[in-house]
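The values are calculated or read from the model by the stated rules, or taken from the named source; none is laboratory data. All values derive from a computational prediction rather than experimental measurement. Every residue, glycine as well, gets a Cβ built from its backbone with ideal geometry; the counts of neighbours run over all protein chains shown.
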């Protein structure tokens, strides 16, 4: 029988790809994820090398060269995207704006990720009163109107980069807490966690070496989505005039500054808004894509 | 059906939920009070421009700004509970009446916004779930991904440029007629739409692959009956909760929309009051917006208990 | 798109406006006007905004009227006045005038109003406007005396400005908040609707007396609060607004090329300046307590370019804490011409070779404020930019927490230097210099009856302020008025919209 | 005899997958008379459930169904319009599923769901539907039937729910009932009760039944006919008595060895298992699919396999008696 089966076409089954090969194939065939990754990487590089890429000093004002049109509206290559209301190079401000957006998004997501993960994991792991307390905190946090509280705090404390980052970081941890709590709840019931506890591993050890590795996928997904959220909120705050303060180039602020001339020079508003839209879109696509490829069963 | 709702377990559930809501509200009120407390006291402003340091001290003592924060909070809470949020520093009018005057616009906007979101998101989500990967599925996916990334202030400005300036179809600002609410509704509704649509689609996909849908088909029920009576009825339950949460978020987020379209609602008042350092107004608004969220999620939970028989008896 | 994009935008808007203007309410006689700012109260004694001045002039009358063209004082509610002595003025009142609610105007109204506003505890917002009056006394039904606290030669100017006469019976009954919700005056327009934060409706006062303001012609004026200039523009294009003002210059320039609008530019008395905490109220180690730092700030700013490239219109460079046309505003003071190198040197000499960081406050014209802060940055003064609403900034200003701020002052359109320099340098809570010598000079100038003495002492004070560089005065403002071709209006240099002189074409 | 109630000829089900086409069911034939019970047996994944769903027209859209003939009481099912098929479903043929826990809609009461089955097909009032629901609930052995009508599925145990499902399938008095492993998800103690109920009811109401199971013990007790399914093919079909007496296909014999028979299997002796690997059905499948696990496989097994018939008893094997003689226990 064994030799009979040796080259039976019925058994010439495709030998399946390895799990990592499957993952890579999922990643590269996921259009949204690839697009998102590409755009985010590109903008991250732009932010990183801003001083090399920017044709002008983004802070240098030239009142005699105010609101020059971009090159595709009849401007010159001296200012490829034109100049703003103080005669500063729009392209350079846009490039430096990527720094502000990405930095705010990343640091705020890290801070909120840290808070939310700590709360969520302890709620999920310890359960009982800890869980009840964390759930209560999440409820309180969700009840606070984010935009309004952020506006009020920034208005009281003054709008600097650090304060905006801190406020966003302290406000956006709710989704981390919710997701990490439910992920931890699922993992905690697995045998290997019980096994680790049984052999006497300390609680921090169990959390760090048994729980965290298994929920890190979800964590990464939430980090990206919250980063997008933070970037949008910063832009909205800056647009309302209480976010990042001038002369720091922020895309939200640029939209707000261009708004005055919107009816005549729509590009002043369109360009920074479009870049903001594309960045947030890319980060979201990346987050959705990561969720799809790491946990296909959760695909929505 | 309502008789079942008022059975003992449901009543217990509602009571527990009410308790939680009350404690959350109390905590929020404390946070909003202390946030504003940090910004210092307004004695100097009240004293007027010719006042001396002693005058300011006198006013501070008169208004009680020199007392410990907890004492002031307690007093503020007491009057807030009876609907008295103090006087606006800017308008010299009772904050409560100031807010009451403007809440109508915000509520109208919120109701229009959530209706718009539901009326677009639910049909799109259902259609997408019925035919995954079809054109309509891709369209709704695109709309939701774009919606999540769209800065609402930018979206609003673009709508103004296109519909008010270029096409001249809609008034760019104000709140005098239903036409004034069209663009704000779209901007605010579009903010809530993606999440609702995704949840509807996911829920519907989940439900449609469930065994009881197969049972319904095996009974010989028509496709419409299967989709709506058996499918949507179950898929909509989590959407109700989400819509309530989104409604709470939307009211809090109406600041941006109201400022773009110059709608004189509570959100706009909040923005202006923040700039004017009008603390009593800001405190009251934070609390009121939080209360909206708390009340909406509470109502959603009760509604859920009514819609979902499993919650009703467990 | 490409180059034609801009043109199509304008063309499209123009087309629209042409179509839209058909909607204008000319037939029903309603003129639609936009205000940017929401007034805290319509009661003119309880707001300090330009919009409040506009409403005050339309709804109420003062005893005296200043003709904005001839700069001549004319009798308004008073027919004539005489100085009884240095601190007593006597007025003969106009007879037969009625308030909008039918209450007849007489000496009681004047006495009541003056006695009410002169009392500090009644909390009139800008004390300077009224605190020179001690009290008023009725001689007979149409004769009134006003007693001054001290000699105050600018009294006539003030009486022609912010001192509006209120109906005594009505005001006693409803108070400031009632007046704010349903204002009653003698003016050419009466208020028929107030929706706070949204709009005011004014209607022509058919029984307006034949005073120097002239008879109103436009029947109804609907003033809406529209904070966003874009929205104002959009409404102008779509025909739902007929007149907007305080239009940013860039927009005004574009609008002036469109043939359905009239753009009028007029200078105003509003002066933009940097106030610095020379007295060290925000901290004794504050760099601005050092003269060289303040001088550096003055040298760091390119006023000429600010005026020519940013403000444009009829703006001019200003060196004094008053507007040149104001009485006593001597222009012969130290000028700090743009010299960033000198600024850096002065900073180094003051002990800041690498500059320093300071909070920089502003409340309006973010664009100007930003440009100014960039000039400061360029010489090494790094700014932590803070934009607040006026009332909020004023509040922390009074607490003495502001090291440097970009401020403006419009002098309530009073053509006398005291309206600005005496407002800020007499050790009030807004005085950041607290210079005793300046105070002494101003006290003399404010109360002297001899115009030459006044001039001399204002000049002394202004020179010292410039030498000490307490402020960095920079420029005067201009205002752009944009209205449709259906409206005819000639703006005046005092930044007051006069509805009475507007007519339909 | 009259015409069979159900005739299936050459039914094929194909599922497109990433690496090609999965031929899940490949050309099966069987027929069923009124009142008869047909048991389809086979391992998990052999295509039993798909076959039953194909009969009901409940396959997912991705699965392609082809058949030379598939008639119910003389009507061709494959060419029927969706509307006609709906009339049949739940009316003249109904189905009971494997998962009682999830097969009832959580949002509606038992009564609503039972009555719906009748109201969809017959022009009766709600009162009549209600009476019928109570009658059937009592028939499936549910006490206090009337009060159960107002209950929701989550308030019932699994056994009760399966009884409700049976009652629901019977609401219109169907001629054919398809039960897809109706007891697998239940407790062992309840399995027998439910099965007995089902068999009694089909006898009593003279219904034909297709019972899908992998439990040959059950088959032995209830089947009139047996169809043995392996990897998408019916390898042996015939009257129950013949199959149990003379199992011809090596796979059938393999299955039979897996069940302990009272009296025949000695205590402590090992139950049989069928070693080997189940082949992939993706791509063209030639020859006997069981050859990879068959003790008697030869090179010829890769060629076409003859159908062998002995009256109503049919099987497919290159060996004339399926090598039955090799396993005969010498007497």
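Select from the range C:244-260 the residues that are within 12 Å of residue C:484 (Cα to Cα) and surrounded by fewer than 23 Cβ atoms within 10 Å (Cβ to Cβ) and write down the one among them that is nearest to the other protein chains (Cβ to nearest Cβ). Among them, the one singled out is C:258. Could we say that residue C:482 is part of a strand (DSSP E or B) and either surrounded by fewer than 22 Cβ atoms within 10 Å (Cβ to Cβ) or in contact with a helix residue (DSSP H, G or I) (Cβ under 6 Å, 6 or more places away or on another chain) (or both) here? Against the criterion (part of a strand (DSSP E or B) and either surrounded by fewer than 22 Cβ atoms within 10 Å (Cβ to Cβ) or in contact with a helix residue (DSSP H, G or I) (Cβ under 6 Å, 6 or more places away or on another chain) (or both)), residue C:482 qualifies. The condition of being facing chain C (nearest Cβ under 10 Å) and within 18 Å of residue A:153 (Cβ to Cβ) holds for only one of B:267, B:275, that being B:275. Among the conditions (1) modelled with pLDDT of 90 or more; (2) surrounded by 16 or more Cβ atoms within 10 Å (Cβ to Cβ); (3) farther than 19 Å from residue C:59 by Cα, residue C:164 misses just one, which is (3).
Tallying residues that are surrounded by fewer than 20 Cβ atoms within 10 Å (Cβ to Cβ) and within 14 Å of another protein chain (Cβ to nearest Cβ) within the range D:59-84 yields 10.
The rows are residues; the columns are (1) in contact (Cβ under 8 Å) with a residue 24 or more places away in the chain; (2) more than 18 Å from the chain's Cα centre (by Cα); (3) closer than 22 Å to residue B:115 by Cβ; (4) within 12 Å of chain A (Cβ to nearest Cβ).
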| position | (1), (2), (3), (4) |
| --- | --- |
| B:192 | yes, no, yes, no |
| B:203 | yes, yes, yes, yes |
| B:215 | no, yes, no, no |
| B:229 | no, yes, no, no |
| B:232 | yes, yes, yes, no |
| B:248 | yes, no, yes, yes |
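Of the residues screened, residue A:112 is not one that is within 14 Å of chain B (Cβ to nearest Cβ), in contact with a helix residue (DSSP H, G or I) (Cβ under 6 Å, 6 or more places away or on another chain), modelled with pLDDT of 90 or more and surrounded by 24 or more Cβ atoms within 10 Å (Cβ to Cβ). Scanning the range B:166-180 for residues that are surrounded by fewer than 24 Cβ atoms within 10 Å (Cβ to Cβ) and on the phi < 0 side of the Ramachandran plot yields B:166, B:167, B:169, B:170, B:171, B:175, B:176, B:177, B:178, B:179, B:180.
Kindly indicate whether residue D:88 is surrounded by 20 or more Cβ atoms within 10 Å (Cβ to Cβ), away from chain B (no Cβ under 14 Å) and under 24 Å from residue D:206 (Cα atoms).
On the way: surrounded by 20 or more Cβ atoms within 10 Å (Cβ to Cβ): yes; away from chain B (no Cβ under 14 Å): no; under 24 Å from residue D:206 (Cα atoms): yes.
So residue D:88 fails the test.
Residue C:221 meets each of the listed conditions (1) in contact (Cβ under 8 Å) with a residue 12 or more places away in the chain; (2) outside any strand (DSSP E or B); (3) more than 9 Å from chain B (Cβ to nearest Cβ) apart from (2). The combined condition, being touching a strand residue (DSSP E or B) at 6+ places or on another chain (Cβ under 7 Å), buried (at least 21 other Cβ atoms within 10 Å of the Cβ) and not in a helix (DSSP H, G or I), is fulfilled by residue C:275.
Filtering the range C:332-380 to residues that are more than 11 Å from every other protein chain (Cβ to nearest Cβ), part of a loop (DSSP other than H, G, I, E, B) and crowded, with 21+ Cβ neighbours inside 10 Å leaves C:336, C:379.
Looking at (1) away from chain B (no Cβ under 14 Å); (2) part of a helix (DSSP H, G or I); (3) in contact with a helix residue (DSSP H, G or I) (Cβ under 9 Å, 6 or more places away or on another chain), which is the only condition residue C:394 fails? Residue C:394 satisfies every listed condition except (1).
The residues of the range C:173-215 that are part of a helix (DSSP H, G or I) and either closer than 22 Å to residue B:265 by Cα or touching a helix residue (DSSP H, G or I) at 6+ places or on another chain (Cβ under 7 Å) (or both), listed by number, are C:176, C:177, C:179, C:180, C:181. Screening A:263, A:276 for residues that are within 9 Å of chain B (Cβ to nearest Cβ), outside any helix (DSSP H, G or I) and within 30 Å of residue A:74 (Cβ to Cβ) leaves exactly one candidate, A:263. For the range C:224-243, a residue qualifies if it is in contact with a strand residue (DSSP E or B) (Cβ under 9 Å, 6 or more places away or on another chain) and either more than 13 Å from chain B (Cβ to nearest Cβ) or free of Cβ contacts under 8 Å to residues at least 40 places away in the same chain (or both), and the qualifying residues are C:231, C:233, C:242, C:243. The set of residues in the range D:273-282 that are out of contact with any helix residue (DSSP H, G or I) (no Cβ under 8 Å at 6 or more places or on another chain) and modelled with pLDDT of 75 or more contains only D:282. Hey, any hits in the range D:91-105 for a residue that's part of a helix (DSSP H, G or I) and more than 7 Å from chain B (Cβ to nearest Cβ)? No: the range D:91-105 contains no residue that is part of a helix (DSSP H, G or I) and more than 7 Å from chain B (Cβ to nearest Cβ).
Each residue in the range B:192-204 was checked for being surrounded by fewer than 21 Cβ atoms within 10 Å (Cβ to Cβ) and touching a helix residue (DSSP H, G or I) at 6+ places or on another chain (Cβ under 7 Å), and 1 of them qualify.
Residue by residue, here is whether (1) within 14 Å of chain B (Cβ to nearest Cβ); (2) assigned to a helix (DSSP H, G or I); (3) buried (at least 22 other Cβ atoms within 10 Å of the Cβ) holds:
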position: A:120; (1), (2), (3): no, yes, yes
position: A:123; (1), (2), (3): no, yes, yes
position: A:130; (1), (2), (3): no, yes, no
position: A:136; (1), (2), (3): yes, yes, no
position: A:153; (1), (2), (3): yes, yes, yes
position: A:163; (1), (2), (3): yes, yes, no
position: A:208; (1), (2), (3): no, yes, no
position: A:214; (1), (2), (3): no, yes, no
position: A:219; (1), (2), (3): no, yes, no
